[in-house]
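Below is one structure, written out as structure tokens; comments come after it.
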Amino acid sequence: MINSFYLVTLLPLLGFLINGFFGKKLKNEKLIGAISTLAVFIPFLIGVFTLFELSSLEPESRKIFITYFNWITAGSFSVNYSYLIDPLSISLVLVVTGIGSIIHFYSIGYMHGDPGFGKFFSYMNLFIFAMLNLILADNFLLVFLGWEGVGLCSYFLIGFWYDKKFTGDAAKKAFIVNRIGDFGFMVAMFFIFTNFNTLEISKFLEGLAAYQVGEPLLLIIALLLFLGATGKSAQIPLFVWLPDAMAGPTPVSALIHAATMVTAGVYLVARTSLLYALSPVALSIVFIIGLLTAVMAGTIALKQNDIKKILAYSTVSQLGFMFMALGTGAYWVAIFHLITHAFFKALLFLGSGSVIHGMHDEQDITKMGGLKCKMKITFITFFIGSLAISGIPPLSGFFSKDEILYKTFTNFGIPFYVVGLITAAITAFYMFRLIALTFYGKPRYNQNVHPHESPSTMTIPLVILAVLSIVGGFIGLPHFTGFPNILEHWLEPVFKNAQNVLSTIHPESEHSTGVELLLVVLSVAVASASIIYSFRKFSQQDKFEPETGFGKVLENKYYVDEVYDAVVVNPVQKTSENYLWKILDIKLIDGAVNGISKYISNISFDWRKLQTGIVQDYTTVSVAGVIIIIVYLLFA
């Protein structure tokens, strides 16, 4: 399958080109949807066979480099278009193509009748192409190409319904905020090439052997790369774009802003794990930013009423948990939560899309209620996804989130563990607030609205993702169960060097199985109590008073957008308008250009008067000129 691996990225690109150029001419939604879905599903099958082929090799040999052609050569600078196939990249290939193909299939029903049907699937395929390049690239420049590609596709898809102003604003916000992170990534590449004379990731990691732990250069590179990661993965302070991105179609939210693109930052830090192991300060910053983001986004979700906004802030919070795992040095745990999160969060977003579809585009959960009997498949699958994200065993989210909390306890101590545990309880609370207000209680929607179950093209993906949310966690069973941890052993060769460095810096504290079991019981008990309390509080609620006090602050998202507008956006806009435009641009630049042209025009006008058109005048001037020359020659 390695020989045909080029199809993994080629097929989504072909899907983009076919639907992009011929989508309007095809005029057959099923054909367009089939082309796009197969363009992602076939790479998934190739990825599965490649996984088995890779697993047949010895652990230390599970690393295959594929170079297709020389991409850029300029003097000593040379970059190939090359891929690295190893346990980390192939795992994410399966997530992107597997979840991606399910979402593509779902989109056939969700986007039915949309005039931009072909264009939508074209953009979706282009996104898959860019994302696959990002995770397979063996050099930072190709990673950056995929990095910018997914950002561009995100802009296209968030603003897909461009006739609505708020979608355009959301798309621009996502694009601009991500540019800040991308700047950090670019500067990091400059530092890497200047000091390591390469942009190949494998050679860069090999070159780190010459550096000691804590060297300033490594800290600078690590923080710059992490700045890029905070942009793509919506961490403090660059998280503000993700909730607004829910303006796009729901399949976009599920694919880009839950399962794939937003995990690019997590992947980048994991791929350069040795760099962060050699930079303990950077690793601690990653953990703190992840923890703060998880807490902040989780508390904001408590008071949101838009069903997709709740899931959006939930995504930001869960990404925070992934960075917490990275910050503890448990890189495989971060990837574990990335995978399980892709299952249950894609399920929840698609479930919300099913609710919105059945409620005729209503997204306010305070205007729903009683949908349990109206949308049975959606309710059951959504309920499973909510249990998974809440950390209830034996669903997938329980295993990955519990592992993150355990690593926090062993590496950072009880205070940070307690904060993480409370954040996990908050997750359970707002998810079952959503469940209670949406599916239980008396109907609060308009009588003209007739809720109904979604078509099979939308419910079948929900069932598949629900099954994955149930069984997905078994690839990473904790050690106290006595069963092998499949994912940890699979990813061990990728993170081996980083783990060796971390073990010499601060050996992980040993805890008995009893302590680990106690933490598990405590985690499940807290989550269960939060679920029960939330359900009892909201399942019969039918009146909603305006928020006051701290609730108002949470409802308005800590006024972060307002602060950014006051501190950054408005000053920059006013400076640009009043000084850069009106003074620098209009008066200086335009004034200089227009002034020169006006001066030349005036001189030309004066000289033009010499051209009278009378031959006698020209003769007189000529004779006078000859006389002047003769006089000059005589007396010179």
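What net charge do the residues around Ile90 carry, taking every other residue with its C-beta under 14 Å from that of Ile90, with Lys and Arg at +1 and Asp and Glu at -1? Intermediate values should be presented prior to the final figure.
Working: positive: Arg62, Lys63, Arg271; negative: Glu53, Asp86, Asp138.
Computed value for this residue: 0.
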The chain - charge dipole about Cα centre, Lys and Arg +1 at Cβ, Asp and Glu -1, debye rounded to 20: 1540 debye
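Using a Förster radius of 35 Å, what is the FRET efficiency between Lys203 and Trp161 based on their Cβ-Cβ separation? Nearest 0.05, please. Write down the numbers at each step before the final one.
On the way: r = 45 Å, r/R0 = 1.27.
Once the sixth-power term is evaluated, E becomes 0.20.
Can you send over the carbon and sulfur percentage of the accessible area for the chain, probe radius 1.4 Å, protein chains only?
Numbers: 18510 of 27530 Å².
Carbon and sulfur together cover 67 percent of it.
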Which one of Ser601, Val568, Pro493 is farthest out on the positive end of the charge dipole of the range 464-621, using unit charges on Cβ (Lys, Arg +1; Asp, Glu -1) and the Cα centre as origin? Ser601
Residues of the chain: accessible area per residue at 1.4 Å, in Å²? 43 Å²
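Please report the relative contact order for the chain, taking Cα pairs under 8 Å with a sequence separation of at least 6, and give it as a percent rounded to a whole number.
Details: 980 pairs, mean separation 75.8, N = 636.
Dividing the mean separation by the residue count of the chain yields 12 percent.
What is the sum of charges around Phe480, taking Lys and Arg as +1, Asp and Glu as -1, for the other residues whose C-beta is under 12 Å from the C-beta of Phe480? Don't skip to the end; give the middle numbers.
On the way: positive: none; negative: Asp402, Glu403, Glu516.
Once all neighbours under 12 Å are counted, the net charge is -3.
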Pull up all non-local amide H partners of Trp71: gap of 5 or more, or a different chain, and H-to-H distance under 5 Å with H placed in the peptide plane. Val79, Asn80, Tyr81
Spin-label pair Ile630/Ser456, simplified geometry with 7 Å Cα→Cβ offset, distance in nm: 11.1 nm
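Calculate, in whole percent, how much of the Cα-Cα pair population of the range 485-568 lies beyond 19 Å.
On the way: 2571 of 3486 pairs.
The answer is 74 percent, as a whole percent.
Please tell me which of these pairs span more than 22 angstrom C-alpha to C-alpha: Lys372/Lys442; Lys308/Lys552; Lys27/Lys376?
Long pairs (Cα-Cα over 22 Å): Lys27/Lys376.
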Report P(r) for the range 195-317: all Cα-Cα distances, bin width 10 Å, range 0 to the bin holding the largest distance, values in whole percent. 13, 39, 27, 16, 5, 0
With just the Cα atoms of the chain, tell me how far they stretch along each of the three principal axes, in Å, largest first. 118, 68, 53
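List every DSSP H helix in the chain whose Cα atoms extend 27 Å or more along the helix's own long axis and whose mean Kyte-Doolittle hydropathy is at least -0.5. Working shown, then result.
Working: long enough: 29-55 (39 Å, 1.63); 87-110 (34 Å, 1.53); 117-136 (29 Å, 1.52); 165-196 (46 Å, 0.70); 280-301 (31 Å, 2.24); 307-327 (30 Å, 1.04); 331-358 (40 Å, 1.23); 414-439 (37 Å, 1.80); 513-538 (38 Å, 1.49); 615-635 (30 Å, 1.86).
Span-like helices in the chain: 29-55, 87-110, 117-136, 165-196, 280-301, 307-327, 331-358, 414-439, 513-538, 615-635.
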Treating the beta-carbon of each Lys and Arg as +1 and of each Asp and Glu as -1, no other charges, what is the dipole magnitude of the range 13-70 about its Cα centre, to the nearest 20 debye? 480 debye
Is there a quick way to get the dipole size of the range 49-193? I mean about its Cα centre, with the Cβ of Lys and Arg at +1 and of Asp and Glu at -1; what is the value in debye to the nearest 20? 500 debye
Selected from Leu126, Val177, Phe144, residue furthest toward positive end of dipole (the range 90-182; charges at beta carbon): Val177
Using only Cα atoms, locate the centre of the range 340-357 and the centre of the range 388-451, then give the distance between them in Å, rounded to an integer. 14 Å
How far is it, in nm, from the label point at Ser528 to the one at His506 when both lie 7 Å from their Cα along the line to the Cβ? 3.3 nm
Put +1 on the Cβ of each Lys and Arg and -1 on the Cβ of each Asp and Glu in the chain; which of Ile85, His360, Ala297 then has its Cα farthest toward the positive end of the dipole? His360
Which of the lysines could a cross-linker span from Lys609 if the Cα-Cα distance has to be under 20 Å and same-chain partners fewer than 8 positions apart are dropped? Lys598
Point-to-point label distance, Asn594-Phe77, nm (Cα→Cβ direction, 7 Å offset): 3.9 nm
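Throw me the Rg/Rh for the range 121-259, computed over C-alpha atoms with Kirkwood Rh, two decimals.
Numbers: Rg = 16.5 Å, Rh = 15.9 Å.
A ratio of 1.04.
The values are calculated or read from the model by the stated rules, or taken from the named source; none is laboratory data. Quick caveat: nothing in here was measured; it's all calculated off a predicted structure. Glycine gets a Cβ as well: all are built from the backbone with ideal geometry, and neighbour counts include every protein chain shown. The area values use the complete protein model at the heavy-atom level, side chains included, leaving out ligands, DNA and RNA. Shrake-Rupley method; radii C 1.70, N 1.55, O 1.52, S 1.80 Å.
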